[in-house]
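This is the structure, below, for whatever I ask next.
The values are calculated or read from the model by the stated rules, or taken from the named source; none is laboratory data. Treat the numbers as computed from the prediction; the structure is a model and nothing was measured. Every residue, glycine among them, receives a Cβ derived from its backbone with ideal geometry; neighbour counts consider all protein chains shown.
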Amino acid sequence: MFEIFGVPSQALFGQLLIGLINGSFYALLSLGLAVIFGMLNVINFTHGAQYMMGAFAAYLLLQYLGLNYWVALVVVPLLVGASGMLVERLFLQYVRQLDHLYGLILTFGLALVIEGLFRNYFGSSGEPYQPPDLLQGGQNLGFMFLPNYRAWVIVFSLVVCFVTWFVIERTRLGSYLRAATENPALVRAFGINVPRMVTLTYGFGVGLAALAGVMAAPIYNVSPQMGSDVIIVVFAVVVIGGMGSILGAIITGFALGIIEGLTKVFFPEASSTVIFVIMAIVLLIRPTGLFGRTA
Amino acid sequence: MRVAASLAFALAAIFANAAQAQNPIPVKIGVLTDMSSLYADDTGPGSVAAAKLAIQDFNPAAHGMKVDLVVADHQNKPDVGASIARQWFDVDHVDMIVDVPNSAVALAVSDVTRQKNKVFLVSGAAISDLTGPKCSPNTIHWTYDTWMLANGTGKSVVKTGGKTWFFITADYAFGHALQRDTSAVVEANGGKVLGSVNVPLNNQDFSSFLLQAQQSKAQIIGLANAGGDTINSIKQGAEFGITAGGQHFAGLLVFLPDVEALGLKAAQGLVLTETFYWDMNDATRAWTKRWQVSRPGKFPSMNQAGVYSATLHYLKAVAALKSAADGKAVVAEMKKLPTNDPLFGKGMIRADGRKIHPAYLFQVKSPAESKYPGDDYILKATIPADEAFRPMSQDNCPLVNAAK
Amino acid sequence: MTFASRVGGGAGSECQIRSTSETVLETEDLTKDFAGFIAVRSVNLRVRRGAIHAVIGPNGAGKTTCFNLLSKFLNPTRGRIVFDGRDITALTPAEVARLGLVRSFQISAVFPHLTVLENVRVALQRRRGGSFDFWRSKRVLRAFDERANALLADVGLLPYANIPAGQLPYGRKRALEIATTIALDPQMLLLDEPTSGMAREDIERISTLIKALAVDRTVLMVEHNISVIANLCDRITVLSRGEILAEGDYQTVSADPAVREAYLGTGHD
Amino acid sequence: MTERTMAERTMTERTMVEMPALLVVEALQAWYGESHILHGVTFDVRAGEVVTLLGRNGAGKTTTLKSIMGMVERRTGAVRLDGRELIRLSSDAIARAGIAICPEERGIFASLNVQENLLLPPQLRPGGLDLAQIFQLFPNLRERFSSQGTKLSGGEQQMLAIARILRTGARLLLLDEPTEGLAPVIIQQIGRTIGALKAQGFTILLVEQNFHFAATIADRYYVMEHGRIIDRFSNNELEANMSKLHEYLGV
Amino acid sequence: MAASVAPPAPQARVDRAHGAGTAIAFCIMVALLAVAPFVVYPVFLMQALCFALFACAFNLLVGYAGLLSFGHALFFGWASYLCAHAAKRWGFPPEAAVLFGTASAGVLGAAAGFLAIRRQGIYFAMITLALAQMMYFVALRAPFTGGEDGIQDVPRGRLFGLFDLSHEMTMYVFVLVMVIAGFLFIYRVINSPFGEVLKAIRENEPRAISLGYRTERYKLVAFVLSATFAGLAGALKALVFQLASLTDVYWTMSGEVVLMTLVGGLGTIFGPVVGAFLIVAMETYLAQLGQWVLVIQGAIFVVCVLVFRRGIVGELARALRVSL
């Protein structure tokens, strides 16, 4: 066993792996945010609240309908995604053409409303949610004990990220999305119902947030403020990756998870600030983020 | 238009309070608490319900008194808390503020209370400085404090074999104080602190810190944090097999609602110190039943019980003085009168403002051991009242020195 | 040709000693490569002092890119730009403007929420100083009103002085933009399609104005309207696909078969 | 030209050509935000024709195409395709009714490759060309099939922009300055392509500044100024109107 | 096509007419604020005044230079800390402590502005956010800031050695005078030769550059001015509450000032003041409602964006056809 900066290498492997797990959540959340920004030109501040709704939906399904984790994994993104589509039809469609500021404030207001309602009904301590039986326990990797559920989180979110990337970058549907991002009026003039596509895209982005919420439920405390705790960080991830860049959001999400993990070893107090330091540096060097198109 | 409306609203609020019948002795109590955030379940609406029960049990009419209650949310911001306190004292004629979880807010409110010569009864906040360097003739620290937590949990854990410790500490003054006090107790009792890690507030993922704790090979992982942070640490600790690997958590500040939120499966085996448990005896159970009328399905925390106990004692003192006007006098009267209530039993208030009662070391039951909702704790030890809190000699409280 | 060091009208004007070399603007091997697409290729342009020089060419020939390079809104991939004997290749757009090489834009560039008068005043203010005076009232700017009104009168915008510029019809916005540019009293103007989208009477007014301006300035303009070019310009450079196709006066250029083909299309007349 | 002579000419044309109008535009007005761009545009295009809108920059030609396609913020008047009123439809519905547009600046999507650009407009009606037919018309596109759209040369981009709207099944094509910024050889090629499309039965409404090019392919012309149609003539009247046209277009 | 053209009015007359509306509104505002402490709780008013100044300073940047900073808490909060520290630990008299806090905010503004103005739009906002969060971290860790307890029990002291600020009314007069002075100064900046250039840059930056303006310098000056006045507001708040805390440097404070300005009316003179009073009133008088505060606040933002996009004063000015 050798040491790196006074930290045993084995410990470091563990930390890297944990960073990757956290990165999975950042990647999933920032992916949804990037998809929404790319298509709707709206910075979706409600994303955190929708992530929280995902976790709560899983909890409620289990509590009141007895539906387990695996069902929730499928049903919750659909439900919360549908609620997102409603939000898009009721509110967001009116701010899409305006300055980003208005979309930001509107979605921020919605996030407050949602969080407030959940606090009213569920209090703030949060609710327990157990990992599914299938994924109980864990593996001893030698350098650390890896809970099965965490391994599942990495694998599953990699798959989701890849599938999303594939759909957007490699399929016909994705080509509609990309084209509509560049020039929605023209795509519409080709006979594609762009407003409906926009609604579905928002629903999809929100569904991704809800999916992340379901996956987070067994790990983190299911509480109304879990979304507002994470939204600013995810927001920073998207900016560092380059607004609207799908690949940028995924790679940056995982990478920042790892960097944050390492910070937790070497300078734990700064672990929640390191992302902002990186954001400042990246923006000073690359004005449009790591993967953003240069204007 | 809306400015005018909000001004009118403000005016109405102020005048409504000014015009009140003056015949009975008026007393106004303000529950200043966290209604919406981190500590809302440990205090918040439950504290309000407890204060109402205290007023009801005291029966103001019988003592020729009229007691009003106001409530506000300090949002865990010292400036918000201080400004509400100021406004209550200046405008709304509030005589006493009770509860105030969050140490920073409590310290700020304590300053304001002393300036305005009113009464401040702390139940929710933990920091022992309130009866130490920051003690005040207008403040009583009721339910618990950091020294008591450190001493209760730290001492008994070391005594039962938990010799080596690793701290996961919330990176702010309260966390550091808790770690400092506990380390002192651990070392004084022959234990050893192997390391610690400071974690930013509202961190979601503790696995990295748990891994560091695991690698320290310490027997005990002391959690010098609170609320959601504690819940997440324990929940993820179970996941990473911390307890299965032979290490144990010591929750330095854990309340019953936190245990409920965690679920017994994750929390089982956790050792913690509290001064009140709803299922202690018939009196506490009867009170809990009444409390649950307004908080269905919940179980009261020690903070909420403390609000009841403090409010009741305060009203007795006011009744004895027949006036709530002079805060210092009321506090002095409260210190003079022995305390007695169904929740904390008999006790007293020291010159430094410390309420003295026994503390209890509990262990969280396993799901199998729990027979009914809320059946969460096994009583491991009772720390007698005279040992539970920091002796006045170690206080550095200026009030006590002045008295000498 | 005039080599006058003209004193601009109104108070607080400054004198500029202008060097008397024949060529005021010169480019050497000017090239702009947009990630593989070469918009401007090895252009060697030479503009005589005091001339009205037109750059023409079909859409997409690189005229606007060329303008952006000259005014430094784009950095050239290769080549050199010399203005008034000074190498300006490495300067910022603001510095170039301060040297007296001022451009207009293809799409009308006004400050839409400022009034017409304020639009011109902003330009006058830059020349006359005090632009960082945040502690003084903007009433001091009234000193510029006389000059601003005179400029507005020149372009026929005086009746509109107090309406927000954004409310002007398109053609008048162009006129305002030109008035604003002139307010700087530049040594050389780069006008990007000054008459496009204008009604005929406006075109005449602007043509007259440009002619009057060029008495003691150099004008380099992109223009589509051949009659304007024929009337105004001393010299014409024809760009096509980023390269100079021909150069000369109107007669020479219009007789050039290559120009006819490139500019007018595969004509058959 | 006076109203009366225009009316007379319309009469003669009607008796000459008995074909029904495929597209009828009547009193079309359009706005961008506060600015009123079209002030009552009226014209028609008969099935199988190539009709060109001429006019200077800013005359409203492009806006006319966009208004037909429903791509402006607000419009009034009438736009009828084969007798069906389209003025209230959204642009995707108009596309499904059978009109396709090839916009100014070509509208090639930078984030899509040639294949994706080509396949982007969905097939909305029967009767569109298939890929084989398209490659016959534009052999270059087959070679550059997987290049990024904006990496093509200007001419290739223009080909791509035209090619992709041929698949949709639209019978009426709106082409906005297809020769803009292109080399003469390419312009000739585009001219031939438009001829071929006409032969295949497509109806084409063209916006052009280059009337020498337009003259090689168009059947009729409308001249626009300040958001109105100010003149019209057919191809065989072109020579006679040459001087007037020079004045209109300012060349 | 012919635009509705007003008969040519001499510019001076228009200025005066425009100024008259603003002057009347200003007089009403001052009169209300002079009477207010006899009717409304003065500490509440002082708090609202501090936020009003903060929002005005912020509005100078976003409303007139078009730069949306999402990190203004940095200047507000740090000025608050430094003023509190100077008054409490170094025993500065209140005027010197406020001056020290304000000046420090200006210096911080110069440093942050130097980095941030190189970027635009959302990226500008993000850089300012990042810088502010980094300074939040410093505030959390630095020994003198007292962590989450903040600097408590800050003495208000005697102004110029004469006026005892521990009297609520004296303090109110002091705060009122400072805030009005700040408000007037910001008004002057907006209506100065410099302000004209700033507006031109906001409207069309490339055009301003082509006129020879080195726009980044103007933006930097605007940034520093905005930071300085945000600092003045923060320093005053520290004295009013006798407390400087982490709340004021956290990003939520930056968000709050955006909301105040937006609700009141972006780019209007009085909007930020109205917005600040409204939001502070809401937070104070709705505090009893607990969790519902969040819901009500959120709903107000949604309604504002959907219905009153110009903000209260912006919509009012539009309805009355005056500039406020």
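Among the residues of the stretch D:115-149, write down those that are touching a strand residue (DSSP E or B) at 6+ places or on another chain (Cβ under 8 Å) and part of a helix (DSSP H, G or I).
If the condition is that a residue be touching a strand residue (DSSP E or B) at 6+ places or on another chain (Cβ under 8 Å) and part of a helix (DSSP H, G or I), then D:Gly149 is the only one that fits.
Given (1) in contact with a strand residue (DSSP E or B) (Cβ under 8 Å, 6 or more places away or on another chain); (2) modelled with pLDDT of 90 or more; (3) farther than 23 Å from C:Glu177 by Cα, identify the lone condition not met by C:Asp84.
Condition (2) is where C:Asp84 drops out.
Please state which one of C:Pro58, C:Pro76 is at pLDDT 90 or above and either of a type in the set (A, V, I, L, M) or in a loop (DSSP other than H, G, I, E, B) (or both).
Within the list C:Pro58, C:Pro76, the selection yields C:Pro76.
When you scan the stretch E:114-230 for helices (runs of 4 or more DSSP H) that lie fully inside it, which ones turn up with 1 or more residues that are within 10 Å of chain C (Cβ to nearest Cβ) and β-branched (Val, Ile, Thr)?
In the stretch E:114-230, E:168-190, E:193-203, E:205-210 are the helices (runs of 4 or more DSSP H) which contain 1 or more residues that are within 10 Å of chain C (Cβ to nearest Cβ) and β-branched (Val, Ile, Thr).
For every residue, the table says whether it meets (1) touching a helix residue (DSSP H, G or I) at 6+ places or on another chain (Cβ under 8 Å); (2) not assigned by TED's automatic domain parsing to the domain that holds B:Val330.
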residue: B:Leu121; (1), (2): yes, no
residue: B:Ala126; (1), (2): yes, no
residue: B:Thr131; (1), (2): no, no
residue: B:Ile140; (1), (2): yes, no
residue: B:Gly154; (1), (2): yes, yes
residue: B:Thr160; (1), (2): no, yes
residue: B:Thr164; (1), (2): no, yes
residue: B:Asp181; (1), (2): yes, yes
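Could you count how many residues in the stretch E:259-274 are of a type outside the set (Ser, Thr, Tyr), under 30 Å from E:Gly147 (Cα atoms) and crowded, with 24+ Cβ neighbours inside 10 Å?
Residues in the stretch E:259-274 being of a type outside the set (Ser, Thr, Tyr), under 30 Å from E:Gly147 (Cα atoms) and crowded, with 24+ Cβ neighbours inside 10 Å: 1 in total.
List, please: which pairs have Cβ atoms under 6 Å, are six or more places apart or on different chains, and start with a residue in the stretch B:287-303 that is surrounded by 21 or more Cβ atoms within 10 Å (Cβ to Cβ) and end with one that is outside any loop (DSSP other than H, G, I, E, B) and among the charged types (D, E, K, R)?
Partner pairs satisfying both residue conditions: B:Met302/B:Glu274.
Within the stretch D:155-165, take every residue that is in contact with a helix residue (DSSP H, G or I) (Cβ under 8 Å, 6 or more places away or on another chain) and either among the polar types (S, T, N, Q) or touching a residue at least 40 places away in the same chain (Cβ under 8 Å) (or both) and give me the one that is surrounded by the fewest Cβ atoms within 10 Å (Cβ to Cβ).
Of the stretch D:155-165, the ones in contact with a helix residue (DSSP H, G or I) (Cβ under 8 Å, 6 or more places away or on another chain) are D:155-160, D:162-164.
Adding the requirement that they be either among the polar types (S, T, N, Q) or touching a residue at least 40 places away in the same chain (Cβ under 8 Å) (or both) leaves D:157-158, D:160, D:162-164.
Working: D:Gln157: 20, D:Gln158: 27, D:Leu160: 23, D:Ile162: 22, D:Ala163: 24, D:Arg164: 23.
Of everything passing the filter in the stretch D:155-165, D:Gln157 is surrounded by the fewest Cβ atoms within 10 Å (Cβ to Cβ).
Still on this structure, I have one more. For the stretch D:39-59, which positions are in a strand (DSSP E or B), buried (at least 21 other Cβ atoms within 10 Å of the Cβ) and not polar (S, T, N, Q)? Full working, then the answer.
Residues of the stretch D:39-59 that are in a strand (DSSP E or B), as a first pass: D:39-46, D:50-55.
So of that shortlist, the ones also buried (at least 21 other Cβ atoms within 10 Å of the Cβ) come out as D:41, D:45, D:50-55.
Residues satisfying the conditions are D:Val41, D:Val45, D:Val50, D:Val51, D:Leu53, D:Leu54, D:Gly55.
Just for the stretch B:288-302: of the residues that are touching a Phe, Trp or Tyr at 6+ places or on another chain (Cβ under 7 Å) and assigned to a helix (DSSP H, G or I), which one is nearest to B:Val259 (Cα to Cα)? It would help to see each step written out before you state the result.
Let us first name the residues in the stretch B:288-302 that are touching a Phe, Trp or Tyr at 6+ places or on another chain (Cβ under 7 Å), namely B:288, B:299-302.
If we keep only those that are assigned to a helix (DSSP H, G or I) too, we end up with B:288, B:302.
Working: B:Thr288: 17, B:Met302: 13 Å.
Checked the stretch B:288-302; the qualifying residue nearest to B:Val259 (Cα to Cα) is B:Met302.
State yes or no: is D:Thr150 touching a helix residue (DSSP H, G or I) at 6+ places or on another chain (Cβ under 8 Å), touching a residue at least 24 places away in the same chain (Cβ under 8 Å), crowded, with 23+ Cβ neighbours inside 10 Å and within 14 Å of chain C (Cβ to nearest Cβ)? Talk me through it step by step, then tell me what you get.
Working: touching a helix residue (DSSP H, G or I) at 6+ places or on another chain (Cβ under 8 Å): yes; touching a residue at least 24 places away in the same chain (Cβ under 8 Å): yes; crowded, with 23+ Cβ neighbours inside 10 Å: no; within 14 Å of chain C (Cβ to nearest Cβ): yes.
No: the conditions fail for D:Thr150.
Also, quick follow-up: Which ranges mark the helices (runs of 4 or more DSSP H) fully within the stretch E:239-324 that have 1 or more residues being closer than 30 Å to E:Tyr81 by Cβ and within 13 Å of chain A (Cβ to nearest Cβ)? Steps first, answer last, please.
Numbers: elements: E:251-264, E:271-285, E:292-306, E:311-320.
Hits in the stretch E:239-324: E:251-264, E:271-285, E:292-306.
Residues in the stretch A:244-255: is at least one at the interface with another protein chain (Cβ under 9 Å from one of its Cβ atoms), in contact with a helix residue (DSSP H, G or I) (Cβ under 9 Å, 6 or more places away or on another chain) and either in contact (Cβ under 8 Å) with a residue 60 or more places away in the chain or outside any loop (DSSP other than H, G, I, E, B) (or both)? Let's see the steps before the verdict.
The initial filter retains those residues of the stretch A:244-255 that are at the interface with another protein chain (Cβ under 9 Å from one of its Cβ atoms), namely none.
No; the residues of the stretch A:244-255 include none that is at the interface with another protein chain (Cβ under 9 Å from one of its Cβ atoms), in contact with a helix residue (DSSP H, G or I) (Cβ under 9 Å, 6 or more places away or on another chain) and either in contact (Cβ under 8 Å) with a residue 60 or more places away in the chain or outside any loop (DSSP other than H, G, I, E, B) (or both).
Now a separate question. Here are some residues: C:Leu101, C:Leu70. Which one is farther than 27 Å from C:Gly166 by Cα, more than 8 Å from chain E (Cβ to nearest Cβ) and either in contact (Cβ under 8 Å) with a residue 40 or more places away in the chain or among the polar types (S, T, N, Q) (or both)?
On the way: C:Leu101 fails: farther than 27 Å from C:Gly166 by Cα.
After ruling out the rest, the residue left standing is C:Leu70.
Another question, then. Since A:Thr263 meets every condition but one in (1) surrounded by fewer than 21 Cβ atoms within 10 Å (Cβ to Cβ); (2) more than 18 Å from the chain's Cα centre (by Cα); (3) more than 14 Å from chain D (Cβ to nearest Cβ), which condition does it not meet?
(1)
Further question: Any residue in the stretch E:161-190 that's under 24 Å from E:Ala55 (Cβ atoms): show its pairings with residues that are surrounded by fewer than 18 Cβ atoms within 10 Å (Cβ to Cβ) and β-branched (Val, Ile, Thr) at Cβ separation under 9 Å, as long as the two are six or more apart or on different chains.
Final answer for the pair search is E:Leu176/E:Val30; E:Ile180/E:Val30; E:Tyr187/E:Thr22.
Would you please list the contacts, defined by Cβ atoms under 7 Å and residues six or more apart or on different chains, that run from a residue in the stretch D:109-122 that is more than 7 Å from chain A (Cβ to nearest Cβ) to a residue that is part of a loop (DSSP other than H, G, I, E, B) and of a type in the set (Lys, Arg)?
As it stands, the answer is D:Val114/D:Arg144, since those pairs meet every condition given.
From D:Ile94, D:Ile101, D:Ile108, which residue is part of a loop (DSSP other than H, G, I, E, B), of a type in the set (A, V, I, L, M, F, W, C) and buried (at least 17 other Cβ atoms within 10 Å of the Cβ)? Full working, then the answer.
Values: D:Ile94 fails: part of a loop (DSSP other than H, G, I, E, B); D:Ile101 fails: part of a loop (DSSP other than H, G, I, E, B).
Testing whether each residue is part of a loop (DSSP other than H, G, I, E, B), of a type in the set (A, V, I, L, M, F, W, C) and buried (at least 17 other Cβ atoms within 10 Å of the Cβ) leaves just D:Ile108.
Is it fair to say B:Asp145 is within 14 Å of chain E (Cβ to nearest Cβ) and more than 17 Å from E:Phe241 (Cβ to Cβ)? Write out each step before concluding.
Numbers: within 14 Å of chain E (Cβ to nearest Cβ): no; more than 17 Å from E:Phe241 (Cβ to Cβ): yes.
It is false that B:Asp145 is within 14 Å of chain E (Cβ to nearest Cβ) and more than 17 Å from E:Phe241 (Cβ to Cβ).
Show me the helices (runs of 4 or more DSSP H) found entirely inside the stretch B:208-277 where at least 2 residues are over 28 Å from B:Ser128 (Cα atoms) and assigned by TED's automatic domain parsing to the domain that holds B:Val158.
Details: elements: B:227-239, B:256-262, B:264-267.
Here the list reads B:227-239, B:264-267.
Hey, among B:Lys328, B:Lys316, which residue is surrounded by fewer than 16 Cβ atoms within 10 Å (Cβ to Cβ) and either in a helix (DSSP H, G or I) or at pLDDT 95 or above (or both)? I'd like the intermediate steps shown before the answer.
On the way: B:Lys316 fails: surrounded by fewer than 16 Cβ atoms within 10 Å (Cβ to Cβ).
Answer to the check: B:Lys328.
Is it the case, given these coordinates, that C:Glu95 is within 10 Å of chain E (Cβ to nearest Cβ), at pLDDT 90 or above and under 19 Å from the mean Cα position of the chain (by Cα)?
Values: within 10 Å of chain E (Cβ to nearest Cβ): yes; at pLDDT 90 or above: yes; under 19 Å from the mean Cα position of the chain (by Cα): yes.
Spelling it out, C:Glu95 is indeed within 10 Å of chain E (Cβ to nearest Cβ), at pLDDT 90 or above and under 19 Å from the mean Cα position of the chain (by Cα).
List the residue pairs whose Cβ atoms are under 7 Å apart, where the first residue sits in the stretch B:24-37 and is in contact (Cβ under 8 Å) with a residue 60 or more places away in the chain, the second is of a type in the set (Ser, Thr, Tyr), and the two are 6 or more positions apart or on different chains.
Every condition considered, the pairs that remain are B:Ile25/B:Ser323; B:Ile29/B:Thr311; B:Val31/B:Ser47; B:Thr33/B:Thr43; B:Thr33/B:Ser47; B:Asp34/B:Thr43.
Tally time: how many residues in the stretch C:157-171 are more than 8 Å from every other protein chain (Cβ to nearest Cβ) and either surrounded by fewer than 18 Cβ atoms within 10 Å (Cβ to Cβ) or not in a loop (DSSP other than H, G, I, E, B) (or both)?
Within the stretch C:157-171, the first condition is being more than 8 Å from every other protein chain (Cβ to nearest Cβ), and the residues that meet it are C:157, C:164-166, C:171.
Add one more test, that the residue is either surrounded by fewer than 18 Cβ atoms within 10 Å (Cβ to Cβ) or not in a loop (DSSP other than H, G, I, E, B) (or both), and what stays is C:164-166, C:171.
Residues in the stretch C:157-171 being more than 8 Å from every other protein chain (Cβ to nearest Cβ) and either surrounded by fewer than 18 Cβ atoms within 10 Å (Cβ to Cβ) or not in a loop (DSSP other than H, G, I, E, B) (or both): 4 in total.
Looking at the stretch C:163-189, which of its residues are without any contact (Cβ under 8 Å) to a residue 60 or more places away in the chain and β-branched (Val, Ile, Thr)?
Once the filter is applied, which keeps residues that are without any contact (Cβ under 8 Å) to a residue 60 or more places away in the chain and β-branched (Val, Ile, Thr), the stretch C:163-189 yields C:Ile163, C:Ile182.
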